[in-house]
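The block underneath contains the structure these notes are about, expressed in C-alpha cells.
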Amino acid sequence: MSPVREPLAASRPDAGPPGGPLDLGKRYLLFCAVGGSGLLVDMGLFHLLHTRAGWPLEVSKLLAAETALLNNFLWNDRWTFGGRPVESHAPWQRRLFRFHVICLSGIALATVLLAVMHRMGGLRAEVANFVAIVLVSGWNFGWSRRWGWASGRSVGPATPPRPADGPARP
C-alpha cells in the first residue's frame, strides 16, 4: 500500500495549461499552505524539545525540521504535486529521497540562520526559527517543482533547438 500519491479531488491545481503561470501560482499557494502546516509542526516540536525539555538548540531544530519535512512531503505529494505527471512515474520512495536532498540544504541553512540570529542577533529562539524557515522556503519550492516532482519537461536547463542545416548565420 502506498501512503502517498492519491490526489485529493477537491482543490486540484489543474486549471490552466500545465506549467503555465496559473498552474505555477496555484501550486505555489498550495506549497505555502503545506509549508504552513510544516511550520506549525516545526515550531511546536522545537518549542517542546528546546524550551520545555531543555534539549540543545541545534538538536531540537534538526529533529523538528525532519518531522516537519516528512509532514510536508506527504501533503505535497498528495495535494501540491499530486495531479502533476511525475517523471517516469517515480515511486514515492524516490520522491521522498529527492525531497530530502532538496530540503537538506534548506535545513542546514535554516539551522545556521537560526543560530546566528539567536546568538549574535539576540532574537528569541522561536522568532529566529520562524524567520529562518520563511527565508529558505523559496529554495525548497523551486527545487521541489524542478526536480523532486519533475514532469520531464522541467528537468535540467532548457536547451534551444538546433537548426537542421547547421548553426545560424549572422
| said: Looking at segment 1-48 only, could you name the residues that are at pLDDT 90 or above, among the aliphatic types (A, V, I, L, M) and open to solvent by 30 Å² or more (accessible area, probe 1.4 Å)? | reply: Ala33, Leu40, Val41, Met43, Leu45, Leu48
| task | Give the residues of segment 62-76 that are among the hydrophobic types (A, V, I, L, M, F, W, C) and open to solvent by less than 30 Å² (accessible area, probe 1.4 Å), sorted by residue number. | result | Ala64, Ala65, Ala68, Leu69, Phe73
| Hits in segment 108-145 (condition: under 15 Å from Ser60 (Cα atoms) and either aromatic (Phe, Trp, Tyr) or not in a helix (DSSP H, G or I) (or both)) | Arg124, Phe130
| task | For Val101, state whether it is assigned to a helix (DSSP H, G or I) and open to solvent by less than 20 Å² (accessible area, probe 1.4 Å). | result | no
| request: State which residue is least open to solvent (accessible area, probe 1.4 Å) when the search covers only segment 80-93 and only residues that are assigned to a helix (DSSP H, G or I) and either among the β-branched types (Val, Ile, Thr) or modelled with pLDDT under 90 (or both). | output: Thr80
| said: Suppose we filter segment 106-117 for residues that are open to solvent by 60 Å² or more (accessible area, probe 1.4 Å) and more than 14 Å from Val136 (Cα to Cα); how many remain? | reply: 1
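The values are calculated or read from the model by the stated rules, or taken from the named source; none is laboratory data. Fair warning: this is a prediction, and the values are worked out from it, not measured in the lab. Accessible surface is based on the protein model in full, side chains and every heavy atom, while ligands, DNA and RNA are left aside. Shrake-Rupley method; radii C 1.70, N 1.55, O 1.52, S 1.80 Å.
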